[in-house]
Structures are given as structure tokens and as C-alpha cells.
């Protein structure tokens, strides 16, 4: 009988441990690094509470993104690239070529080259001979800048039609959101977005009818790290209370990446470098070195860094 009671007590004590051992998904606190890089994503443990090792991480999905923006506004560019553009108050239209030979309309904004600078343009829609010359017979949208060169996409519009280039934003009189298809997805995600503000004119729009604009051309270098292509390279003095994950200020380190002679890795937190007593996070690519970094992570006297939210 005594033996049966002992077995029963041991079973009851072990039961909660089995429940707590279910995998737990943690959302990382986004980390903004230098040079436009940002770290975000999730890590999953086996449910262990207390000190963790690399073996306790059963899954992860890190997203590392570098965002580079080029912006055109009425303060630093002009609206002279407007031709045959019209509006009904709800949408802005640009006509396509009437026959595939003659020019259609155009809606773009330019920043002059002068002083040794290269001219840049952001094109919401262009159906002139320029688009055909560049290899976009159905019209084009995109941008030209001094770093990435020509970045355009074919609008694939039929002749003798009107292309909807922008739509009125709800609750914002005379402010139109531009419509530009995704320029590219590989190797970079390239997009264009923004707004155009008119003076309320209905009918033909001339450059003087465009009061303001804020158009952004965005490049995003996006890389994902999962167990399929990476490992937990370090999980030293890394802890979980079941709700969050923390890395100790005294010698803690949490790093995921690809090992090798020239490793590539994402450092979520590192407190092992005495030259950086507040710790650091970074993104390191073997062939290039440190791409972006954040330091310090914590103030003096802080016990640890909470890596998840």
C-alpha cells in the first residue's frame, strides 16, 4: 500500500511537468539596427522553464530586412512631368497611347541633376514613346535614381484607354493615393507608394494644379532564417519564465545563423564583449562583415535583456 501511494504521488508530481513541456512560441521584440536593417520574427522553445540551451529551441523564423527609401516631395522636386492627366474628383487618370505610336499621357515627378548630381524621377504612369523605347509598350511605372538606376514595371495597358493612376483617400479632400504595381520581388522587393494633393480642380490637371506630393520608392532586402538553413549558434545564460525570454547582462549571448569559415548570423543579444558593456545586437554577413548594429541594449546595472514581447 505504501509503495502504491508513493507511485501515485510521483505520478501527480510529474504530470504538471508534462503539461509545461508543450512548445511555446515567443515573438521577438523588433530590433532596429544601423544602416536601415531590422530584425523581427519568432522563436519556439520546447517549453523548458529556466536556463535554456541551443537544444531547447525547436523552431524559429527570423526576418532580417534592410529598407532603403527614396522620397520625392514638392519641397525638393517638380511636377513638370504631367501630360494629359485628368480627374473626376475621385480618381486621377492617365490616358494610354491612342494607337501604339502616338504619345499617351504621363504623370511623374522629377528632381534635377545640377551640381554634379544625377537627375531622379518617380513615375506613377508613363504612356509616352519613352516607355516603348525602354521596353514597356503597355506603359511603365517605377523610378530612376542615382544608386539603383532604372527600376520600372510594365503596366500592360491597352491602347486608347484611361489608366487609373490614383484614388481619393476617404476623409482627406483632394488627397489621392497613387497606384503603382510591385516593381520587383527578387532579389529585392521594390515598391512605390504615396499621395498627390490637388487644388480641387475637376477635369484636366496641369502642374500648377498639383499642390503637394509625397511619393516613396522603397527597396527592401529581405532574408529569412529558419531551421532549414540555420542553427542556434549560441544560447548562453539565456532564460525563459514561460512568458518571455531574457539574456543575462553578465555574459549572456543568443545568436542564430549559418556556421562556417565565413559565418552569417543574427545576434539577438550579446553581452560577452567587454568593450560593449551594454551589450549589442547585430546582423553579420561573412563576406561583408557587420551590416547593421545596435548598442547598447541595456543600461548599467540592468540584470538582463528581455528579447521577446
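Given 0.36 nm per residue, what is the gain on full extension from residue 226 to residue 258 after removing their alpha carbon distance, in nm? Could you put the intermediate results ahead of the total?
Values: separation 32, 0.36 × 32 = 11.52 nm, distance 1.02 nm.
Extra length available between residue 226 and residue 258 comes to 10.5 nm.
When 91, 294 are arranged by Cβ crowding within 10 Å, least crowded first, meaning fewest neighbours, the order is 91, 294.
Using the rule -39500 (n - 2.57) for each DSSP H run of four or more residues, divided by the residues of the chain, the 222 nm mean residue ellipticity is -2500 deg cm²/dmol.
Ranking of 276, 140, 190 by neighbouring Cβ atoms within 10 Å, starting from the fewest: 276, 190, 140.
The shape of segment 176-309 can be summarised by an equivalent ellipsoid whose semi-axes, obtained from the alpha carbon gyration tensor, come to 44, 20, 14 Å from longest to shortest. Between residue 69 and residue 201, the contour length at 0.36 nm per residue exceeds the Cα-Cα span by 44.5 nm.
Note on residue 22/residue 309: beta-carbon distance plugged into 1/(1 + (r/R0)^6) with R0 of 30 Å gives a FRET efficiency of 0.90.
Each of 152, 239, 288 was scored by other Cβ atoms within 10 Å of its Cβ. Listed from fewest to most, they are 288, 239, 152. Using every pair of separate Cα atoms, the Kirkwood estimate puts the hydrodynamic radius of the chain at 23.3 angstrom. Computed over the Cα atoms of segment 80-151, pair by distinct pair, the Kirkwood hydrodynamic radius stands at 12.9 angstrom.
Take the convex hull of the alpha carbons in segment 70-222; its mean projected area over all directions comes to 9.3 nm². With angles folded into 0 to 90 degrees, how steeply does helix 2-20 sit against the dominant principal axis of the chain? Use alpha carbons for both and round to 10. In the chain, helix 2-20 runs at an angle near 20 degrees to the longest axis.
Quick note: the coordinates plus some simple rules give every number you see, no bench work behind them. In this text the structure is predicted, and so the values were computed from the model without any measurement. Don't worry about glycine lacking a Cβ; one is built from the backbone with ideal geometry, like all the others, and counts go over all protein chains shown.
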